[in-house]
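For reference, the structure discussed in these notes is given below.
Bear in mind that the values in this text are calculations on the coordinates, not laboratory data. In this text the structure is predicted, and so the values were computed from the model without any measurement. Please note: Cβ atoms are built from the backbone with ideal geometry, for glycine as well, and neighbour counts cover all protein chains shown.
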2 protein chains.
Amino acid sequence: MKVIEGGVCAAKGFKAACCEANIKYKNRTDMAMIYSEVPCECAGTFTSNVVKAACVQWDQKLVYSGEKMQAVVVNSGIANACTGQEGFDACEATAKAVEKELGIKASSVAVASTGVIGMQLPVEKLVNGVSVMSGKLEGSIEAGTNASKAIMTTDTVHKEIAVTFEVAGKTVTLGGMCKGSGMIHPNMCTMLAFLTTDLDIDRSLLQEAVSRVVTDTFNMITVDGDTSTNDTFLVMANGLAGNEKIAKKGEAYDDFCEALFYVCRYLARKMAGDGEGATKLFEAKVVNVRSKEDARTLSRAIVASNLSKAAIYGCDANFGRFLCAMGYSGAQFDQNDVELFFESEAGRVQVFDKGTPVVFDEELAKKILGSGEVTIYVDMHEGTEEATAWGCDLTYDYVKINADYRS
Amino acid sequence: MKVIEGGVCAAKGFKAACCEANIKYKNRTDMAMIYSEVPCECAGTFTSNVVKAACVQWDQKLVYSGEKMQAVVVNSGIANACTGQEGFDACEATAKAVEKELGIKASSVAVASTGVIGMQLPVEKLVNGVSVMSGKLEGSIEAGTNASKAIMTTDTVHKEIAVTFEVAGKTVTLGGMCKGSGMIHPNMCTMLAFLTTDLDIDRSLLQEAVSRVVTDTFNMITVDGDTSTNDTFLVMANGLAGNEKIAKKGEAYDDFCEALFYVCRYLARKMAGDGEGATKLFEAKVVNVRSKEDARTLSRAIVASNLSKAAIYGCDANFGRFLCAMGYSGAQFDQNDVELFFESEAGRVQVFDKGTPVVFDEELAKKILGSGEVTIYVDMHEGTEEATAWGCDLTYDYVKINADYRS
């Protein structure tokens, strides 16, 4: 497997475009489209929130129906959630506009939205945006990058990656983009992430791979504990790599899963590190746990705790807060088994040793916690399972961004 | 029932004292003691966090053993959590010091601590503090008030209340104090709360009343979603009111439960409104829900959401965040049944009507959200149950307080 330049346009046959539709943001792009020259097998995972945005419900129908997918239209600024029938009508109007412009079936067009909940989308602007973008679809790396910028809301950096891997002598490409950065506590998948690949694969195997990989990547990040109404993760596979179709599990399937895991983990970490107001990536690695489920629960509880996150922001090695979060997570354990360490490129320091606080070098701890990526490493000494979760620090800027997001 | 002046010294036979033990804070009181002239029946609820502070384990033993309780010693500054054997030794040394000074059994002395986790208590200072306080125990209102001030950490106001009620012609008094204000997301009970009453009541009935009342009072508040290692709620009943002992359920028991509910609700609301960095009390009332459990889940999810809390801070009627929090809470419902309103002394405004956003008066909404106590009122139209939860807004000061709490 090799990391290459690019994102959603890296794989064969995929094009992208974006435009300034003026939906809510001014003087920036706020609509993007991904298009495949041929219809794709697809897979997806969606928010577990019972209040699902109209676009999530539209996409679920498409993914679960077995229909092929050929385009995705995304807008930022307004989430199209809690919008009643008018919201569904906006999804349909968007898909129909693509049908009219590109001559593909409306039922093969996925839609996704991110932004304020409870506001109606301006349908005319959406339809006009589709028309503009349809005229300038391109397969260049730049077109993919621009699309990844158009879907940003409070994100401070765009997020994309592409890799190649071999399937029985054929080079397959997998690329993707995503956006964060608030209301992030994915459960089934994350805010918005779109992957494109020219792999030829059976649809049910694609869905299985996606669901499996999501569990330890996008579902292990949190910014604020708020599971969005709009979380959508879509993968399109158009088969143009010319590989022998993957129709059963085996080496080729495993190679794809490995590439998929790499790409999803990269994007998930990027999203966590670019959480609203964040100054650093905050990783919790919990090892030697009784069960995989407990390992996930413990690591997620640590990165989700407001008090842990504030301590990380302040470079304060207040390790009791991490133990406290583990304690209320729901996992059962004995504090007398637990060892805690802080780690970063600046070094490693032990702070808790099986029930008892360790006298540690506060200066070194401060330096470690001052790094751009900080890990809390927890050895439970109770089993063999492990998990890693990613979050970010809690800062003044998080409050600032969210105290008046609508204006 | 009548609200009267005072707190833990209001009921007959209770005394209190406090002192400057210099445990962590300087130039302020940081130890308090409550003492009853006669041994008390007692009841308690404790944190559900599996990482329990040494003092919590000490008190659980006392409460569950059936032993009578005669004194409580509390310190602020250090939590005595994650402190291993040395932490237990500190509890024992404190109780033994009381035994020596006051001639009561060490096994009848409860201890409680609040502050930084993972630091050892200075035992000599504790023992000296007990000696000082033993010499100045008083039953005055002022002594109770001073005790409630000594247990504060990041609290900005002390919290106490007392009421009287009649039991078959006898006047009974119930008083209490508590402290917040961070790491508040009680599950079984809250940070630290102590009630004293001169009621004569059977111990198992007392425990039953306490457990029942906690569910809809202390367990319905949240400041930051972090369930502390130290949550302790203790009730001491010394029987000096001279009422006919309450030995079974009936009118007298119900009257006591009513007073207990009033006192606990008052203290719980005070704690939420004085959450770390808070500028206002944030209440969520959810009515016409399918089950009591769902009603509690929905109302707690709303006040626990960082995004809801930040919107309340910014007086931003961004109602989608509240719906989003309800959606990921775990309760099942149809968004097309739901109505949402914001309420305060400044008025009432509907923002969501059964699946569709309402065009509302933004000026009025801003005014309502600018009040010191803000309620979001949710009508689910799906059943008959209801619940109310209390929290506070998320502010810059919350981050400031917690980014470097130890220094």
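Where does the protein assembly as shown land at 222 nm, in deg cm²/dmol rounded to the nearest 500, when only DSSP H runs of n ≥ 4 count, each adding -39500 (n - 2.57), divided by all residues?
One gets -10500 deg cm²/dmol as the mean residue ellipticity at 222 nm.
Within region B:334-373, whose backbone N sits under 12 Å from a point 7 Å along Cα→Cβ of B:VAL157?
B:372-373
Taking the Cα-to-Cβ direction at B:ALA106 and at A:TYR396 and moving 7 Å from each Cα, how far apart do the two end points lie in nm?
5.0
When the chain is fully extended, how far beyond the present Cα-Cα distance does B:GLU20 get from B:HIS381, taking 0.36 nm per residue of separation?
Additional length available on full extension: 124.5 nm.
Quick one: compute the contact order of region B:281-403, relative version, from alpha carbon pairs under 8 angstrom and 6+ residues apart, as a percent.
45
Which whole-number percentage describes the relative contact order of chain A, with Cα contacts under 8 Å and a sequence gap of 6 or more?
With pairs under 8 Å counted, the relative contact order is 17 percent.
Over the whole of B:393-399, what's the average partner chain Cβ count within 10 Å per residue? Rounded to a whole number, please.
So the per-residue partner count for this stretch is 6.
Could you sort the peptides B:168-174, A:127-133 by per-residue average Cβ neighbour count (10 Å cutoff), highest mean leading?
Those peptides, ordered most packed to least, come out A:127-133, B:168-174.
If each of B:ASN128 and A:SER131 carries a label point 7 Å out from its Cα toward its Cβ, how far apart are those two points in nm?
In this crude spin-label approximation the distance works out to 8.3 nm.
In region A:325-387, which GluC sites (Glu not before Pro) are in a loop and have at most 14 other Cβ atoms within 10 Å, using DSSP for the loop call?
Answer in residue order: A:GLU345.
Give the order of B:ASP155, A:ASP337 when sorted by the count of other beta carbons within 10 angstrom, beginning with the fewest.
Lowest to highest Cβ neighbour count: A:ASP337, B:ASP155.
7 Å along Cα→Cβ for the label point: how many nanometres lie between B:ASP254 and each equivalent label in the other copies, listed shortest first?
Result for B:ASP254, in nm, nearest copy first: 7.0.
Got a sec? Charge dipole of region A:2-273, +1 on Cβ for Lys and Arg, -1 for Asp and Glu; which of A:THR45, A:LEU174, A:THR94 is way out at the positive end?
A:THR94
Mind jotting down the distance between the C-alpha centroids of region A:343-407 and region A:120-144, whole Å?
That distance is 41 Å.
Set Lys and Arg Cβ to +1 and Asp and Glu Cβ to -1, take the dipole of region A:281-403 about its Cα centre, and tell me which of A:GLY347, A:THR395, A:TYR328 lies farthest positive.
A:THR395
In debye to the nearest 20, how big a dipole does region A:2-273 give about its Cα centre with +1 on each Lys and Arg Cβ and -1 on each Asp and Glu Cβ?
280
What translational diffusion coefficient, in µm²/s and rounded to a whole number, does the Stokes-Einstein relation yield for region B:46-174 at 20 °C and a viscosity of 1.002 mPa s, taking the hydrodynamic radius as the Kirkwood radius over Cα pairs?
The estimated diffusion coefficient comes to 134 µm²/s.
Report, please, the projected area of the protein assembly as shown averaged over directions, based on the convex hull of its C-alpha atoms, in nm².
33.6
Which percent of Cα pairs goes in each bin when the distances of chain B are cut into 10 angstrom slices starting at zero?
Spelled out per bin, shortest first, that is 5, 23, 30, 23, 13, 4, 0.
Find, among the residues of chain B, the one whose Cβ sits nearest the axis of the rotation taking B to A; state the distance in whole Å.
Value returned for chain B: B:TYR396, 3.
Can you pull the one-decimal nm distance between simple spin-label points at B:GLU166 and B:SER211, each 7 Å off the Cα toward Cβ?
3.2
If you count, for each residue, the other Cβ atoms within 10 Å and average over each peptide, how do A:223-234, A:271-282, A:292-303, A:99-110 line up from highest to lowest?
The peptides rank, most packed first, as A:223-234, A:271-282, A:292-303, A:99-110.
Computed FRET efficiency, Cβ-Cβ of A:GLU373 and B:GLU5, R0 56 Å: what is it to the nearest 0.05?
It comes to 0.50.
Which order do the peptides A:256-268, A:67-79 come out in when sorted by mean C-beta neighbours inside 10 angstrom, highest first?
Descending packing order for the listed peptides: A:67-79, A:256-268.
Just going by the charge dipole of chain A, with Lys and Arg at +1 and Asp and Glu at -1 on Cβ, which of A:VAL132, A:VAL73, A:MET380 is farthest out on the positive end?
Of A:VAL132, A:VAL73, A:MET380, it is A:VAL132.
About the Cα centre of region B:281-403, what is the dipole size in debye to 20, counting +1 per Lys and Arg Cβ and -1 per Asp and Glu Cβ, all else neutral?
Magnitude of the dipole: close to 380 debye.
Can you give me the Cα centroid spacing of region A:241-282 and region A:14-48 in angstrom?
20
Which entries of B:LYS270/B:LYS400; A:LYS125/B:LYS354; A:LYS2/A:LYS61 show an alpha-carbon separation above 30 angstrom in the structure shown?
Flagged as over cut-off: A:LYS2/A:LYS61.
Can you give me the relative contact order of region B:77-211 as a percent, contacts being Cα pairs under 8 Å and 6 or more apart?
Relative contact order here is 18 percent.
Taking the Cα centre of the protein assembly as shown as origin, sum charge times position over the Cβ atoms of Lys and Arg (+1) and Asp and Glu (-1), and report the length of that vector in debye to the nearest 20.
Rounded to the nearest 20 debye, it is 420 debye.
Give or take rounding to whole Å, what are the principal axis extents of the alpha carbon atoms in region A:140-292, in descending order?
Computed over the Cα atoms, the extents are 46, 45, 25 Å.
Within a 10 angstrom radius of the beta carbon, how do A:VAL349, B:VAL157, A:VAL8 rank from fewest other beta carbons to most?
Least to most surrounded, the residues fall as B:VAL157, A:VAL349, A:VAL8.
When all alpha-carbon pairs of region A:281-403 are counted, what percent fall beyond 24 Å?
Roughly 21 percent, once rounded to a whole number.
Calculate, in nm to one decimal, what A:LYS292 and A:GLU92 gain on full extension: separation in residues at 0.36 nm each, minus their alpha carbon distance.
That works out to 67.9 nm of additional length.
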